[in-house]
Amino acid sequence: ESHDLARYRSALHFVVCKTVEGHIFNITIITTIIVNMITIALETLQSFQNKRTEQMFNTLSTIYLSIYTVEFVFKIFAEPINYWKNNYNRMDFVVLAISYVTDVLFNLDSQEVNVSFLKLFRALRALRALRSISFIRSLQVLVSALLRTMSSIVYLVSLLLLLMFVWAMIGHYAFGREPDAEYEEWGSIQFSMYQLWVLVTLDSWTEIQDRLVLRGYSDGIVSGYIVPWIFVGNFIFTNLFIGVVVQNLEDAQNEEKLIRETKRNEMLRKKKDMIIEKQRRDLEELMRSQEKHGKLSLDDFLSTLAGTLNHDDVAPIKTLCCSRLWFETYLESCSYYDRSRQRLQSLHLHTATKLHELLEARMTEARRSQHLRGRTRPVVR
């Protein structure tokens with residue numbers, strides 16, 4: 001606990017950090033972003049496009065910008081260095097800076113300065129909706145997966161363009177070199193690639209096929225050119241795109257689980273260290289109290305020690321004999337010991353009984369032999 005308090009520079013820094021880390025602060029910012037999005041959407045309605053509502057929307061925009069500014073100042077004050085290490089914090093800062101620029105430019109335009117084209121920058125206020133990504137962890141995982149996908153998609157698109165170039169050259173020389181060929185379809189490499197792109201999207205691909213058939217080409221030649229390209233460009237590459245996205249999304253989710261598990265273990269470790277430190281201080285206090293007030297009996301000492309513990313305290317495990325597995329093993333060993341002792345006692349009793357029976361038999365045989373010898377002894381006259 002003292003180690004955690006050491007990272008705060010002052011009481012004000014402690015209050016600001018706890019405020020930024022609190023759920024109320026995050027809920028407030030999320031609510032502001034949602035209300036700001038609704039306000040921006042309402043500005044596009046025809047019924048709200050008048051001088052009165054425009055002034056109201058400008059006032060609301062200033063309020064939203066003030067809240068975002070307070071959030072930025074709080075976060076910078078709480079973590080002036082770590083704030084810039086987070087990519088989403090940097091994105092929030094860029095969006096905030098763009099918001100200030102657009103508001104300043106719009107105010108210049110409202111003062112009848114010849115910068116009417118700068119009204120287009122007002123649409124950039126919609127970028128504030130992207131700030132919700134920094135508060136929703138699931139969206140961050142999706143964004144991370146999409147960013148990872150970009151590198152793989154570049155290679156897939158490059159391979160698709162190479163195949164498209166080869167197919168376009170074949171189409172150009174097959175359908176674009178005839179006298180009646182339409183230049184806008186197969187007359188050049190760029191138009192041929194455009195036709196192939198339309199085929200990849202499956203948008204009116206039958207019309208392209210019908211136009212080639214009307215020009216005199218057989219159905220077999222046209223189908224032999226178009227159908228394989230649709231199979232390669234649409235089916236295969238579409239599934240490759242989906243596979244890459246799914247794989248990167250799964251990797252991002254696995255990393256997120258690992259981060260959560262690491263944070264959970266770190267939190268448990270800190271809690272365990274805190275409890276151990278608390279128990280150590282309580283034990284030292286009891287020892288000092290014992291030295292001050294005289295020697296206590298073991299029962300009194302343990303009773304006093306138990307009184308310092310809460311019922312919901314986690315018992316820290318530092319040695320093997322404090323673990324649940326050790327206790328279970330010990331109790332099971334004791335059970336085996338008891339059963340073995342009972343068996344040995346039973347065996348000992350059985351052995352003693354048999355020995356007693358043998359002894360009794362031998363004594364009976366000895367008495368019988370002695371009696372017989374007495375009866376057969378000769379009489380001396």
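The values are calculated or read from the model by the stated rules, or taken from the named source; none is laboratory data. Owing to the predicted nature of the structure, the values given are computational and were not obtained by experimental measurement. In this analysis, Cβ positions are derived from the backbone assuming ideal geometry, glycine residues included, and neighbour counts consider all displayed protein chains. Note: accessible area is taken over every heavy atom of the protein model, side chains too, but ligands, DNA and RNA are not part of it. Shrake-Rupley method; radii C 1.70, N 1.55, O 1.52, S 1.80 Å.
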Using a Förster distance of 41 Å, the FRET efficiency for Ile34-Trp197 (Cβ separation, nearest 0.05): 0.60
Thr262 accessible area, 1.4 Å probe, all protein chains in place, Å² to nearest 10: 80
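How high is the FRET efficiency between Ser223 and Leu147 when r is their beta carbon distance and R₀ equals 35 Å, given to the nearest 0.05? Each step should come with its number before you reach the end.
Working: r = 40 Å, r/R0 = 1.15.
It comes to 0.30.
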Using a Förster distance of 41 Å, the FRET efficiency for Phe231-Asn254 (Cβ separation, nearest 0.05): 0.80
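Might you report the magnitude of the Cβ-based charge dipole of region 42-85 about its Cα centre, with Lys and Arg at +1 and Asp and Glu at -1, to the nearest 20 debye? Write down the numbers at each step before the final one.
Numbers: 4 positive and 4 negative charges, 9 e Å.
Using Cβ point charges on Lys, Arg, Asp and Glu, region 42-85 gives about 40 debye.
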Where labels lie 7 Å past Cα in the beta-carbon direction, separation of Ser340 and Leu45 in nm: 8.4
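Quick one: order Ser47, Ser158 from most to least accessible surface, probe 1.4 Å.
Details: Ser47 90, Ser158 55 Å².
From most exposed to least exposed: Ser47, Ser158.
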Candidate residues Lys270, Lys257, Lys278: accessible-area rank, largest first, probe 1.4 Å: Lys257, Lys270, Lys278
Rounded to the nearest 10 Å², the accessible area of Asp338 at probe 1.4 Å: 60
For region 69-77, Karplus couplings with θ = phi - 60° (6.51, -1.76, 1.60), whole Hz, Gly/Pro x: 5, 4, 4, 4, 5, 4, 5, 5, 5
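Keeping all protein chains in place and using 1.4 angstrom, which order do Tyr173, Tyr330, Tyr83 fall into by accessible surface area, from largest down? It would help to have the intermediate numbers written out before the result.
Working: Tyr173 135, Tyr330 115, Tyr83 10 Å².
The residues order as Tyr173, Tyr330, Tyr83, largest area first.
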For Glu256, net neighbour charge (Lys/Arg +1, Asp/Glu -1) across residues whose Cβ lies under 14 Å away: +2
